[in-house]
Amino acid sequence: YRTALSPERIKKRVNINLAAAPYSIGQVRDDSPTDHVAVEIMEQVPVARKWGFRCQIPEPLYETDVFALKQLPHKYNNKGLIIDRKIPSLLHLHSSIEFEGGEYEFLLRSLDSARLYIDGELLAETGFMNLNSSAHQEYYDLPDLGDDLLSMAAGHEEKRAKVTLAPGRHQVSVYRLVGNKNHGDYLGELSLGMTRGGDSYSSFVAPKRKLPYTDEGWLTFLDEDRERLQTWNQRQRSSLQKDELAYWQRRHEWARSVADADIPVPVVSDSRLVNNDIDRFIFAWLQDAGESPTELTSDWEFLRRVTLDVVGTVPTPEQIEAYFADPKETRRQQVIERLLVDDGWAHHWVTYWQDVLAENPGLTKPELNNSGPFRWYLYDAFLDNRPIDRIATELVMMEGSAYSGGPAGFSVASQNDVPMAAKAHILGTAFLAVEMKCARCHDAPYHDVKQGDLFGLAAMLKRAPEKVPGSSSVLLASDGTRELAVKVTLEPGSSVKPSWPFAEFVSLDDGQPPLPAEFLRTSDDPREELAAMLTSPLNSRFAQVIVNRMWKRYLGRGLVEPVDDWEEAECSHPELLDHLAHELVANGYDLKHIARLILNSQVYQRQPVGDVSVQSEEAAMFRGPVRRKMTGEQVADSLYAVTGKDFGSEELSIDRDGKLPDSRFGHLGIPQRSWQLAPVANERDRPSMTLPVAQSLIDLMSAYGWRQQRQDPLTVREDPLTALQPMALANGTSSNKAIDFSDSSTLTELALVDQPVEQLVEELVQRLLTRPATSEERQLFVDLLKDGYDARIVAGPEAVAPKRMFRSGITWINHFDPKADNEAMARQREVLKGDPPTKRLDADWRTRAEDVVWVLVNSPEFVVVP
């Protein structure tokens, strides 16, 4: 298109009777912002894959600063739960922008059909995607557009339009149709670039900022928008769930009124040995046993331990500086408070509950017991510090979106003939410490659980009687001379009514409900009854199980072991367990309150008891915590945090051109923290379907206990010391990529600072091991780095290459094409090489500096929680 828009022509176009007509696509608006880009949405437009319809005015959705979108904010209901948008939807981005007069060229890019209007004039339109999702189509040959133009994503289309603009303000509008029935609603990359006077595309269109329309500009936008979206989502949840928050506040006030009286706290004569009541319980017990606690950890050891335990990474230089700037008498309490309000609290807890709740989303076609990606619900819940009884209730109720991150994702158990039985099993281990796995097919031989107990819970979740399928039964034969250990009390095809089987956990009088009627929202809802029975303060088991899980996580051993199966377990400190459970209920089921108590105790802050078995009597004494290794998530997150790099992973999707719905192919985004990863292996074992960067991260985490499949719930991973663990750190692609002194590494920037080599060595040791260097380390590393240190810098900022993204032409629809295999294998070879080294440092000196970091990372100290 080529046209000229003058102020007179614009005025003429605006003079229409809008009051008498519905909203029209492209209509000039007098409310376009001048300082940001407004994003609006109209859900469930009248027709799909067509323009030219008339509609209502779109509703405000979001604000950003440039004409670009990669991800939309979540949609929430009045409980703050993620729900699905109704498709097809219409997106509208608009802003009033000041332009100098002259000729401009605009570049519109979109995955599906989009339109560009300026002052109501249609300038460019991209076409609708081909919805053919057969896997035998042609490979996307993506052009190399160089450093000066944003690279093209697979399946996207671009349109260019030239226009002469008069000086002054002009309304810029971009529309995008999203979603089709039986197909995906994946957004892809929507962007609008512009140039003036025939130069290369210089910037994204924006009202205030000038962001280069390049790969580097796009990556900058993604980083900024990720933080903006989190803040926006939090604000939306907060505004929508005010009534829900009031409901839970009233419910917790009632819970406090009926909670059992707190347990009397022992008196300890030596106040120097106690920080709070936890220490009084433990120390009194040690005195009676004739034992003494271990010594307190050093400040350095405590800082590393508590940071790993609360936010999942080793301390940053900023955290170290803030910690030692605090008075010695209060610095431990102060750092605990800072960490408890850090976003890392949510990141780190998600990794734990993904295992416990068997969150198991898949990228390709569903496999047995795949779940929805309810990880986003978990992250929201912990970020908002929702009480744990509310979290358990929302999981049981299974509302919201199944595939966009709502708790309904917990309800999914693909290719499972009794999915609610699978979920009942998970709820039992997670919140009641009752193991019911065997009860799927027969009465549990080693637990006091019958098959009817599990199916009664499953029926409560189903809200209807549950039939026992033939696959959930065992045909028994007996020779009549002995009694078999396995018994079956339910016949295949029999129907089990909804029922709560654990009356012994809930202290109810005859006919008494677990919650007062004012807190039951729907009468005769078995699922809500289950949630009430599970989380009622009259159910002492729930609070005990939760605080025991927290104790296990921070001390290495539970007060009751194993924490997820109490059938024959004994509690080492029953009074302390009851005290902590009372604290949880009395403080609104706030996990941070219990964490604060444990972390501030001297029991937590003491030196580990050494290499003892978690099940041993020595561990049960709690003279100090049990020594622990980092989890796979902690290793990966810490390694990349300390080097200042992001994972650099591919987007977790095989459906990069968005032709298929999330129910068939997952779209899990670009991972920034370990919990956002998911298995990327495929049963077809095709090179074209590999994601080598993500796989390298998974290989590293798997060596340290991360599970590539979470079909069953698990609290304690099998994590023995193996030769694979040091090999994964020493030789793994992901670990060496993190260590590389590239231009994206903060270690490179540290090496460029004008400082003595001794100071550089000290900084490296502190960042990686959270302590000062020993005299031996200092001498060893200084001797290694001093030769050539003064001449290490060989180039300035001009030697930093522009950031380029790897773009793949592979999607599900073309992964059979030989070109797809060729690209995947070439990408694998490229990833194995690691990050390109910086050209600003002398190559020989840089290699020696990387060796120092490699030695520190591969010391056993790096992976041990002090």
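The values are calculated or read from the model by the stated rules, or taken from the named source; none is laboratory data. Computed from a predicted structure; not experimentally measured. Positions of Cβ are generated from backbone atoms using ideal geometry, with glycine treated the same way; all protein chains shown enter the neighbour counts. For accessibility, only protein heavy atoms count, side chains too; no ligands or nucleic acids. Shrake-Rupley method; radii C 1.70, N 1.55, O 1.52, S 1.80 Å.
Post the alpha-carbon centroid distance, region 136-179 to region 28-42, in whole angstrom.
That distance is 20 Å.
For the chain, which whole percent of the accessible surface, found with a 1.4 angstrom probe, sits on carbon and sulfur atoms? If you can, show how the numbers build up before the last one.
Working: 17970 of 35700 Å².
Of all accessible area on the chain, carbon and sulfur atoms account for 50 percent.
If the viscosity is 0.890 mPa s and the temperature 25 °C, what Stokes-Einstein diffusion coefficient in µm²/s follows for region 480-626 when Rh is the Kirkwood radius over Cα pairs? Intermediate results must be reported in sequence, preceding the final value.
Details: Rh = 18.1 Å.
Reported coefficient: 135 µm²/s.
So how do 161-173, 546-558, 773-785, 372-384 stack up, highest first, on mean other-Cβ count within 10 Å? Show your work: numbers first, answer last.
Values: 161-173: 18.6, 546-558: 22.8, 773-785: 15.4, 372-384: 24.5.
With the highest mean Cβ count within 10 Å placed first, the list reads 372-384, 546-558, 161-173, 773-785.
Of VAL585, MET727, THR195, which is farthest along the charge dipole of the chain in the positive direction, counting Lys and Arg as +1 and Asp and Glu as -1 at C-beta?
My answer, from the dipole projection, is THR195.
Using the per-residue mean of other Cβ atoms lying within 10 Å as a proxy for protection, in what order, highest first, do the peptides 624-634, 128-138, 321-331, 79-89 fall? Provide the component values of the computation, followed by the final result.
On the way: 624-634: 22.0, 128-138: 13.7, 321-331: 12.0, 79-89: 20.0.
With the highest mean Cβ count within 10 Å placed first, the list reads 624-634, 79-89, 128-138, 321-331.
For region 486-494, what does the Karplus curve 6.51 cos²θ - 1.76 cosθ + 1.60, with θ = phi - 60°, yield as ³J(HN,Hα) per residue in whole Hz, taken in order and with x for Gly and Pro?
Karplus-based 3J(HN,Hα) across region 486-494 equals 8, 10, 10, 10, 10, 7, x, x, 6 Hz.
For region 389-456 and region 521-588, compute the distance between their C-alpha centroids and round to whole Å.
17
Provide the per-residue ³J(HN,Hα) series for region 327-340, in order, calculated from phi with Karplus coefficients 6.51, -1.76, 1.60 and θ = phi - 60°, each as a whole number of Hz, with x at glycine and proline positions.
Coupling constants for region 327-340: x, 4, 5, 10, 5, 5, 4, 5, 5, 4, 5, 5, 5, 5 Hz.
So, for the chain, what is the accessible surface per residue at a probe of 1.4 Å, expressed in square angstrom? The partial results should precede the final answer.
Details: 35700 Å² over 866 residues.
That works out to 41 Å² for each residue.
For region 551-604, count all C-alpha to C-alpha pairs, find those more than 19 Å apart, and express that count as a whole percent of the total.
Values: 393 of 1431 pairs.
Beyond 19 Å sits 27 percent of the P(r) for region 551-604.
Could you give the dipole magnitude of region 488-575 about its Cα centre, charging the beta-carbon of Lys and Arg +1 and that of Asp and Glu -1, in debye to the nearest 20?
Values: 8 positive and 16 negative charges, 95 e Å.
Charge dipole, region 488-575, about its Cα centre: 460 debye, nearest 20.
Any chance you could give the angle, 0 to 90 degrees and rounded to 10, that helix 242-258 forms with the longest Cα principal axis of the chain?
Taking Cα atoms only, the helix is inclined about 10 degrees.
Could you tell me the center-to-center distance, by alpha carbons, between region 249-316 and region 835-866 in angstrom?
Measuring centre to centre over Cα atoms gives 38 Å.
What percent of all Cα-Cα pairs in region 721-829 falls into each 10 Å bin, going from 0 up to the bin containing the maximum distance?
Per 10 Å bin, starting at zero, the Cα-Cα P(r) for region 721-829 comes out as 11, 27, 29, 20, 10, 4 percent.
On a 0 to 90° scale, report how tilted helix 344-356 is relative to the longest principal axis of the chain, with both axes built from alpha carbons and the result rounded to the nearest 10.
Tilt relative to the chain: about 60 degrees.
So for each of 614-621, 298-305 I average, over its residues, the number of other beta carbons within 10 Å; can you give me the resulting order with the highest mean first? Working shown, then result.
Values: 614-621: 15.8, 298-305: 19.2.
By packing density, highest mean first, the sequence is 298-305, 614-621.
Mind pulling the angle between the C-alpha long axis of helix 299-311 and the longest principal axis of the chain? Nearest 10 degrees, somewhere in 0 to 90.
Computed tilt is about 70 degrees.
Three principal axis extents, largest first, for the C-alpha atoms of the chain, in Å?
Projected onto its principal axes, the Cα set of the chain covers 89, 74, 55 Å.
Enter the per residue convex hull volume of region 189-348, computed from alpha-carbon coordinates, in Å³ rounded to the nearest integer. Display every interim value, and only then the final one.
Details: hull volume 34.0 nm³, N = 160.
Per residue, the Cα convex hull of region 189-348 comes to 213 Å³.
Take the Cα pairs of region 119-235, get the Kirkwood Rh, then feed it into Stokes-Einstein at 4 °C and 1.567 mPa s and tell me D in µm²/s.
On the way: Rh = 17.0 Å.
Estimated via Stokes-Einstein, D reaches 76 µm²/s.
Given the options GLY155, GLN230, ALA532, identify the residue whose Cα lies farthest towards the positive end of the charge dipole of the chain (+1 on Cβ of Lys, Arg; -1 on Cβ of Asp, Glu).
Result: GLY155, furthest along the dipole toward the positive end.
What size of dipole, in debye to the nearest 20, comes out for the chain about its Cα centre when the only charges are +1 on Lys and Arg C-beta atoms and -1 on Asp and Glu C-beta atoms?
On the way: 97 positive and 130 negative charges, 539 e Å.
It works out to roughly 2580 debye.
Working from the alpha-carbon coordinates of region 104-169, get Rg over Rh, Rh being the Kirkwood radius.
Details: Rg = 15.0 Å, Rh = 14.1 Å.
Here the Rg-to-Rh quotient is 1.07.
Taking the convex hull of the Cα atoms, report for region 392-453 its projected area averaged over all directions, in nm². Please list the in-between numbers first.
On the way: hull surface 18.0 nm².
Result: a mean projected hull area of 4.5 nm².
How large is the convex hull of the Cα atoms of region 306-363 per residue, expressed in Å³ as a whole number?
On the way: hull volume 5.2 nm³, N = 58.
So the per-residue hull volume is 89 Å³.
Using 0.36 nm times the number of residues separating THR489 and GLU158, minus their current alpha carbon distance, what extension gain do you get?
On the way: separation 331, 0.36 × 331 = 119.16 nm, distance 6.47 nm.
Value of the extension gain: 112.7 nm.
Take the Cα atoms of region 55-147, find their three principal axes, and give me the spread along each one in whole Å, biggest first.
Principal extents (largest minus smallest coordinate, Cα): 50, 46, 31 Å.
What would the Debye equation give as log₁₀ I(q)/I(0) for region 316-475 at q = 0.20 Å⁻¹, counting only Cα atoms as equal point scatterers?
-1.25
With N denoting the number of residues in region 404-521, provide Rg(C-alpha) divided by 2.2 N^0.38 Å, to two decimal places. Don't skip to the end; give the middle numbers.
Values: Rg = 16.1 Å, N = 118, 2.2 N^0.38 = 13.5 Å.
So region 404-521 has a normalised radius of gyration of 1.19.
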